[in-house]
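Below is one structure, written out as structure tokens; the observations come after it.
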Amino acid sequence: MWLESFLKYLAYERNYSDRTIAEYENDLKAFESFYKDLNQTLTWGTIDADVVRDWVVSLMEAGYKSSTVNRRLSAVRSFYKYSLKRGWLKVSPVKNIKGPKREKLLPMFLKESEINHLLDGHFFSDDFTGRRDRLIINMFYATGIRLSELTGLNDGDVDLESKQLKVLGKRNKQRLIPFGQELEALLIEYKNERTLLGTNVGGALFVDDSGCRLKNEKVRELVQNYLSLVTTIKKKSPHVLRHTFATSMLNNGADLEALRELLGHESISTTEIYTHTTFEELKKMYNKAHPRA
């Protein structure tokens, strides 16, 4: 009765999709089965916080990811919030229940041998498209900029003399990123090749064959195609190259605070995930190299 009323509320008052409602129903019925298995006399109105805690523990022990457990707990929490509004209960048994902490997913990145193979190999043509694509891959790896930052670059944002980029990041915050001689040479080659096209709309740095600013979708596609040539990692995106930049910097002695500024992170805690990545690599090297590991 309570469950049926809640599902109707989701459908007619909250206008949730059929799929979302079905997910709520499955999660709530799974919880109902759990507490009925504990005690057939238990109902939605008589269970307490200990039952909810036991349920959460059982899900974790069954191997469910914390994201799945938290989603199911959220469904139960929403149900009891609705029950309180209807006056069916005075206190929710989920009130003080905290879900498991989400697992921190380590970022994927290319090995140095893989990125070097791509940049030093013969994967790029000598025409405009090839020079542009080589520059894009190099720029992601050499500067660690985000996809939107790269496609948003204008000619005026590139200072070849000072070897620095002016990047407009999240929340319209500007930052300066230095680059080296290799990227400088590639920029000059690309700009010379682009000039031969005879068109450049709006001063965009990266353009397509018609001179229009390159779209994010096109960059994602070309990055995926090139990374597929040198790596078997599951994710092959511009952000993987950003992760590769950060990991390479730390592996070669970069200061964490300096890396934070280069990446445009608000908090140092965001940058610290790369220290976990490099430590995982260190453990692999240790286990492989040490005779008693």
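The values are calculated or read from the model by the stated rules, or taken from the named source; none is laboratory data. Predicted model, so just to flag it, every value in this text is computed and none were measured. We place every Cβ from the backbone using ideal geometry, glycine too, and count neighbours over all the protein chains shown.
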Could you check the range 124-164 and list, in sequence order, the residues that are farther than 15 Å from residue 191 by Cα, outside any helix (DSSP H, G or I) and of a type in the set (A, V, I, L, M, F, W, C)?
124, 145
For the range 209-218, does any single residue satisfy the condition of being of a type in the set (A, V, I, L, M) and either over 26 Å from the mean Cα position of the chain (by Cα) or in a helix (DSSP H, G or I) (or both)?
no
For the range 55-94, which residues satisfy the criterion of being more than 17 Å from residue 2 (Cβ to Cβ) and not in a helix (DSSP H, G or I)?
62, 63, 64, 65
If I ask for residues that are assigned to a loop (DSSP other than H, G, I, E, B) and crowded, with 19+ Cβ neighbours inside 10 Å, which ones from the range 254-264 would you list?
264
Kindly check whether there is at least one residue in the range 128-142 that is at pLDDT 95 or above, out of contact with any helix residue (DSSP H, G or I) (no Cβ under 8 Å at 6 or more places or on another chain), in the same structural domain as residue 234 (by TED's automatic domain parsing) and among the polar types (S, T, N, Q).
yes
Since residue 223 meets every condition but one in (1) touching a Pro at 6+ places or on another chain (Cβ under 6 Å); (2) within 13 Å of residue 142 (Cα to Cα), which condition does it not meet?
(2)
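Look through 250, 187 and report the one residue that is farther than 22 Å from residue 124 by Cβ, part of a helix (DSSP H, G or I) and among the aliphatic types (A, V, I, L, M). Spell out the reasoning first.
Values: 187 fails: farther than 22 Å from residue 124 by Cβ.
Sole residue among the options that is farther than 22 Å from residue 124 by Cβ, part of a helix (DSSP H, G or I) and among the aliphatic types (A, V, I, L, M): 250.
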